[in-house]
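To start, the structure under review is shown below, and the notes come after it.
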Amino acid sequence: MGCLGVHFALTVEQFKQLTSAWTWKTRRKIIEEIEQQWDRQFLAQSDKAWDAMHRCLSDGTLKPAGGRDPLPKAVLGGKNLQVGSNYIASLVTPAEVLEVANALNDISEDWLRERYAALDSSDYAGPWNEDDFEYTWSYFEGVRELFRRAADDGRAVLFTADQ
């Protein structure tokens, strides 16, 4: 996947707006407003590392529900907001954010490295080497910190990626 990912910790108002929006056009407009605000304290970029990150936290695939809960929710496993065919938007509720944050706290670099080494290199589009693992780990640390800040503030987390 060649798209860049970003995680946003949402305010209560932003979460309410997204969850009450009935159409994908309305959801997409709300998400665009969130993206334009670019609140650095409450976002974590994951660049292209989100792909390997999700695979490592799930069953090795990009299936949103693959793997053991709550880890897949850190990237693709939240509620799919269906905002268009070339756009990914996955929402994790505040209660789920707390579960994900606690689960992410337990992940060591060695654990993630083992999961990364077990990826099917024919299915993963990334370079699948030590540099790519380090790249994935560095973005993982930022995403983990964002989930902790979001959990501490009772916020939801939105992951977006434009394909």
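Within segment 134-163, residues that are within 12 Å of Asn105 (Cα to Cα) reach partners that are of a type in the set (S, T, N, Q) with beta carbons closer than 6 Å, at six or more positions or on different chains, in the pairs Val143/Ser46. Here segment 132-161 is the region considered, the condition is being at negative phi and part of a loop (DSSP other than H, G, I, E, B), and the residue that is least open to solvent (accessible area, probe 1.4 Å) is Arg155.
Among the residues making up segment 103-131, those that are surrounded by 15 or more Cβ atoms within 10 Å (Cβ to Cβ) and either touching a His at 6+ places or on another chain (Cβ under 6 Å) or modelled with pLDDT of 95 or more (or both) are Ala103, Leu104, Ile107, Leu112, Arg113, Arg115, Tyr116. Residue under question is Asp59, and the condition is that it be open to solvent by 20 Å² or more (accessible area, probe 1.4 Å) and either outside any strand (DSSP E or B) or not aliphatic (A, V, I, L, M) (or both); does it hold? Criteria met by Asp59. Among the numbered criteria (1) farther than 18 Å from Ala103 by Cβ; (2) of a type in the set (D, E, K, R); (3) open to solvent by 10 Å² or more (accessible area, probe 1.4 Å), which single criterion is violated by Asp51? Asp51 satisfies every listed condition except (3).
Entry remark, segment 6-45: residues being at pLDDT below 95, touching a Phe, Trp or Tyr at 6+ places or on another chain (Cβ under 8 Å) and either open to solvent by less than 20 Å² (accessible area, probe 1.4 Å) or part of a loop (DSSP other than H, G, I, E, B) (or both) number 1 in total.
The values are calculated or read from the model by the stated rules, or taken from the named source; none is laboratory data. Because the structure is predicted, anything quoted here is derived from the model rather than measured. Positions of Cβ are backbone-derived with ideal geometry, glycine not excepted, and every protein chain shown enters the neighbour counts. Just the protein is used for accessible areas: all its heavy atoms, side chains included, with ligands, DNA and RNA removed. Shrake-Rupley method; radii C 1.70, N 1.55, O 1.52, S 1.80 Å.
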